[in-house]
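No lab work stands behind these numbers, since they all come straight from the coordinates. The shown structure was predicted, so the numbers you read here are calculated from the model rather than taken from an experiment.
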Amino acid sequence: MKQLNKPVTSREYKLMLNVDRFQNRAEGATSFWRLIKFLVEEKLDGKIIKKQDGEDIRQTHYRDTAGLELRRKGFILRVRKEGEDEIQYKTTLKYRAADRYISAVQDVSNPDVKEGGYKFEEDITPVFTSKFSHSSSIISEDMLDLKKIQNVTKLFPGLKRLDIPRKTRMSVVNTFDAYEVRRKIGQFIFDDDNRDENEMTVVKACLSFWYLQKNGFPLVGEFSFDYDLTPKLKEDDQDKLEHFQTSVVSGANNLFRTLQKQPGWFDLKGTTKTAYAYNAL
């Protein structure tokens with residue numbers, strides 16, 4: 001019998017940034033971190049455990065048919081070129097829906113995915129809207145052949161049920177290949193300080209910017225923070241779908257709501273990065 005639900009393995013909160021504040025990325029990130037530190041420690045009884053400033057560079061684009069048939073049926077096919085010296089490609093098929101049960105049963109399998117290699121995540125956007133994404137990825141040294149839907153269905157067989165003609169051509173959505181800078185800015189906790197380190201849930205925060213070219217102005221930016229399942233919980237625990245510490249959920253939710261009261265930093269009516277790639281260009 002097909003499993004009708006899956007455990008959420010992580011929760012990620014997303015806010016679109018006012019990119020005018022990040023023309024100088026390093027200076028903007030430093031000022032923004034001061035706000036996060038103040039809110040976490042002074043207003044929400046959290047604790048900063050690490051400040052970060054490392055950046056990862058990657059290129060990101062989406063593939064679809066001319067009629068955007070994958071997107072219209074709830075799927076996105078994302079390709080990331082990661083690294084600068086040792087380059088690798090990460091090709092991800094994702095299904096995202098507001099109904100977790102609909103998302104959970106979608107077949108996003110690929111022949112290379114290993115046990116535990118699937119992701120089932122909750123994305124939270126303003127005001128407080130949840131969507132559930134089910135995905136798997138293929139890591140390769142070279143760009144995969146994605147020219148036609150028949151090539152894609154060999155990689156992700158579950159897409160065959162969409163009945164898209166085999167010879168249908170695939171192309172880069174809007175010919176847009178984003179130059180992406182992902183900047184980790186810090187980590188914090190909302191756990192009780194007396195909790196065992198192996199049970200502590202770390203909240204990880206980062207900034208992500210898309211550029212048309214390396215030295216350009218950021219087209220769109222996103223702040224996100226996420227946390228995973230309570231570390232002590234085993235994946236084979238069948239007694240419950242998932243368990244997140246109440247203190248972590250409450251602290252993260254309060255931070256998310258508080259940040260939405262800072263309009264100078266955020267574009268609360270802004271599009272998501274995916275929607276930008278599909279609709280804004």
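Structure values in brief
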read-out: Where N is the number of residues in region 10-280, Cα Rg divided by 2.2 N^0.38 Å; value: 1.04
read-out: Translational D in µm²/s for region 1-152 (Stokes-Einstein at 4 °C, 1.567 mPa s, Kirkwood Rh from C-alpha pairs); value: 71 µm²/s
read-out: Expected-Rg normalisation [2.2 N^0.38 Å, Cα atoms] applied to region 86-128; value: 1.43
read-out: Members of Lys50/Lys94; Lys37/Lys131; Lys6/Lys273; Lys81/Lys119 lying beyond 23 Å, as alpha-carbon distances in this model show; value: Lys50/Lys94; Lys37/Lys131; Lys6/Lys273
read-out: Mean-position separation - Cα centroids, region 136-215 and region 13-49, in angstrom; value: 24 Å
read-out: Estimated 222 nm signal from helices in the chain, with DSSP H stretches of n ≥ 4 weighted -39500 (n - 2.57), rounded to 500; value: -4500 deg cm²/dmol
read-out: Antiparallel DSSP beta bridges within region 1-92, percent to nearest 5; value: 100 percent
